[in-house]
Every structure is written in C-alpha cells, then in structure tokens.
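A.B. asks: Questions regarding the structure given below will be posed in turn.
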Amino acid sequence: MGLLDDIAAGNAAWAATHGNRNLPNLPARNAAILTCMDHRIVPLRLLGLSVGDTHVIRNAGGRASDDAIRSLVISYKMLGTREWFVIHHTRCGMMTFTDEEMRALLRSSLEPAWRDDAGWHDHGGGGSTHGDDIDWLTFADLEQSVTDDVARIRNHPLVPARIPIYGFVYDIDTGKLSEVAAAMVASRPTA
Ligand SMILES: [Zn+2]
C-alpha cells in the first residue's frame, strides 16, 4: 500500500474514535505557536497541550515571514489569541544551506538536491532564476534566528505592543524546550 491508501485507512480509524466534539472556533488557551514544519516536531504534544488549545503556524524554519505574521495578526485580531510563542529547533534543515546555495541549486535544475561532504549537488538542467528574488530565510545561528524573529514580530506595525511574544529553542534529541534569553529581551512589550 502507498501513502495515499495508508492515510485513507488512518483517517477512517481516527474518525471512528473522534466522535462529534463540537470544539469552539476560538483556541481554548488563547495562544498561537509559530514553529518549523520539521517532521520530528509535534507542537501541541511537546508542550503538553491538546487539540483545540492553540493555533499552530508552521513553515520552513518557523520563521517570522510576512505570511507567518499575517496568520499571527489574524489569530490575535479575529480569533482571540493573546500570547505568542516562537519555537525553532536544533538540527533544523534551514541551517544546512544558505540562501545563495538554494538560489544556485534552483538555477541549476528543479530536480531534488542532495548533500555530501563536499556540499550540495544536483543533476543540473532545466533550472530557473525565479528563486533569486525569494528570501529563503535560512539561518546559521539558532538563538539569533529566534531573537531576530521575535524582534521582527514585536516591531511589526500591526502587532500590538502589549502582546507577549516568547522565544524558545526545542532540542530535537532530548525533547527539551529552552527559553532564548535574548529573545525575551527583544520581546519586551513596548507599552
Ligand atoms: Zn526546522
């Protein structure tokens, strides 16, 4: 069976025990989490939360992109969240290449790339320059990326000064969450 069949069977099992929960439209814990799309992160579970508790906004790196901020502003303005958590993580794929490497690989081809001791490679042929204008939001320093993103959200003109924004690093290997002290300073409400 392929994945398509597996998820059909998996959903049937899920729905059989799901019941009619009629959860409210607003998250019960009035919070939003911005984190990475990484397959090793199950955001609510690692925080001891349950379905219905918070919004979860995910992208590559858990970065405070324009679209992540769009979701956070909707989460606050329309859906009742009152505090936000930015969680990046150890061994993030976004630390394994640079924006310039990404652009060069896309110019080379649209085929999957791979990495060995010499760096990133692909088979080449039929690439595109459309990646040149995209900010891929890669990063080299984990605590700095959390601090930068918390500050970016804090300083956004559509984000109210009173909303708390907390920055954390999640350790993929130990399962432990650590506060990023510099991000806490960056997040201090300005009013
Ligand atoms: Zn990641």
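The values are calculated or read from the model by the stated rules, or taken from the named source; none is laboratory data. Quick caveat, the model's predicted, so the values are computed rather than measured. Methodologically, a virtual Cβ is constructed for each residue, glycine included, from the backbone with ideal geometry; neighbour enumeration extends over all protein chains shown. The protein model used for the area step is the full one, side chains on, heavy atoms only, and it has no ligands, DNA or RNA in it. Shrake-Rupley method; radii C 1.70, N 1.55, O 1.52, S 1.80 Å.
A.B. asks: Tell me whether the chain comes out rounded, prolate or oblate; compute the Cα gyration tensor, take square roots of the eigenvalues as a ≥ b ≥ c, and use a/c under 1.5 as the rounded threshold. Before the final figure, lay out the partial values.
C.D. replies: On the way: a/c = 1.86, a/b = 1.19, b/c = 1.57.
Cα axes put the chain in the oblate bin.
A.B. asks: Let me ask something else. Based on the Cβ-Cβ distance of residue 111 and residue 5, what FRET efficiency does E = 1/(1 + (r/R0)^6) give at R0 = 25 Å, to the nearest 0.05?
C.D. replies: Values: r = 27 Å, r/R0 = 1.08.
Step by step, r from the Cβ atoms, then E = 0.40.
A.B. asks: What 222 nm value per residue comes from the helices of the chain, counting each DSSP H run with n ≥ 4 as -39,500 (n - 2.57) and dividing by all residues, nearest 500 deg cm²/dmol?
C.D. replies: Values: 6 runs with 61 residues, N = 191.
When only DSSP H runs of four or more count, the value is -9500 deg cm²/dmol.
A.B. asks: Which residues among segment 50-64 fall inside the zone where the amide N is under 12 Å from a point 7 Å beyond the Cα of residue 20, along Cα→Cβ?
C.D. replies: No residues fall inside that zone.
A.B. asks: Give me, ordered by chain and number, the residues 5 or more places off residue 33 or on other chains with an amide H under 5 Å from its own placed amide H.
C.D. replies: 55, 56, 57, 85
A.B. asks: Given a Förster radius of 30 Å and the C-beta distance between residue 51 and residue 185 as r, what FRET efficiency does 1/(1 + (r/R0)^6) yield to the nearest 0.05?
C.D. replies: On the way: r = 33 Å, r/R0 = 1.10.
So the FRET efficiency works out to roughly 0.35.
A.B. asks: Any idea how far apart residue 60 and residue 82 come out in nm if each label point goes 7 Å out from Cα toward Cβ?
C.D. replies: 3.7 nm
A.B. asks: Given a cut-off of under 8 Å on Cα pairs at least six residues apart, what relative contact order in percent is computed for the chain?
C.D. replies: In percent, rounded to a whole number, it is 19.
A.B. asks: Kindly write out, for segment 58-74 in residue order, the coupling ³J(HN,Hα) from the Karplus curve 6.51 cos²θ - 1.76 cosθ + 1.60 (θ = phi - 60°), rounded to whole Hz, with x marking Gly and Pro.
C.D. replies: 10, 7, 5, x, x, 7, 7, 6, 4, 6, 5, 5, 3, 5, 4, 5, 5
A.B. asks: Kindly provide the trypsin sites (Lys or Arg not before Pro) of segment 99-191 that DSSP labels as loop, not H, G, I, E or B, and whose Cβ sees at most 15 other Cβ atoms within 10 Å. Please report the intermediate quantities before stating the final value.
C.D. replies: Working: sites: 103, 107, 115, 152, 154, 162, 176; in loops: 162, 176.
For trypsin sites (Lys or Arg not before Pro) across segment 99-191 that sit outside H, G, I, E and B with at most 15 neighbouring Cβ atoms in 10 Å, the list reads 162, 176.
A.B. asks: For segment 101-191, what does the alpha-carbon gyration tensor say about shape, rounded, prolate or oblate, given a ≥ b ≥ c as the root eigenvalues, a/c under 1.5 as rounded, and a/b over b/c as prolate? Could you put the intermediate results ahead of the total?
C.D. replies: Working: a/c = 4.14, a/b = 1.87, b/c = 2.21.
Oblate, since a/c reaches 1.5 and b/c is not below a/b.
A.B. asks: Starting at the first residue of segment 119-124, write each ³J(HN,Hα) from the Karplus equation 6.51 cos²θ - 1.76 cosθ + 1.60 with θ = phi - 60°, in whole Hz, x for Gly and Pro.
C.D. replies: x, 8, 9, 8, 7, x
A.B. asks: Which value, in Å² rounded to 10, gives the accessible area of residue 156 with a 1.4 Å probe and all protein chains present?
C.D. replies: 50 Å²
A.B. asks: Accessible surface of residue 111 in the full protein assembly, 1.4 angstrom probe, to the nearest 10 Å²?
C.D. replies: Solvent-accessible area, nearest 10 Å²: 110 Å².
A.B. asks: While we're looking at this one, here's another question. Could you give me the ³J(HN,Hα) list for segment 172-180, computed from phi with Karplus coefficients 6.51, -1.76, 1.60 and θ = phi - 60°, whole Hz, x at Gly and Pro?
C.D. replies: Along segment 172-180, the couplings run 4, 8, 9, x, 8, 9, 10, 5, 9 Hz.
A.B. asks: Nothing charged except the Cβ atoms of Lys and Arg (+1) and of Asp and Glu (-1): what's the magnitude of the dipole of segment 76-191 about its Cα centre? Round to the nearest 20 debye.
C.D. replies: Working: 11 positive and 18 negative charges, 169 e Å.
I would put it at about 820 debye.
A.B. asks: Next up: Can you list the residues, at least 5 places off or on another chain, whose amide H is less than 5 Å from the amide H of residue 38, using H built in the peptide plane?
C.D. replies: Hits under the 5 Å cutoff: 61.
A.B. asks: Moving to a separate point now. With the Cα gyration tensor of segment 1-75 giving a ≥ b ≥ c as the square roots of its eigenvalues, does the rule (a/c under 1.5 for rounded; else a/b larger than b/c for prolate; else oblate) give rounded, prolate or oblate? Walk me through the numbers before you get to the answer.
C.D. replies: On the way: a/c = 2.20, a/b = 1.35, b/c = 1.63.
The shape class here is oblate.
A.B. asks: Need one value: the accessible area of residue 14 in square angstrom, 1.4 angstrom probe, rounded to the nearest 10.
C.D. replies: 140 Å²
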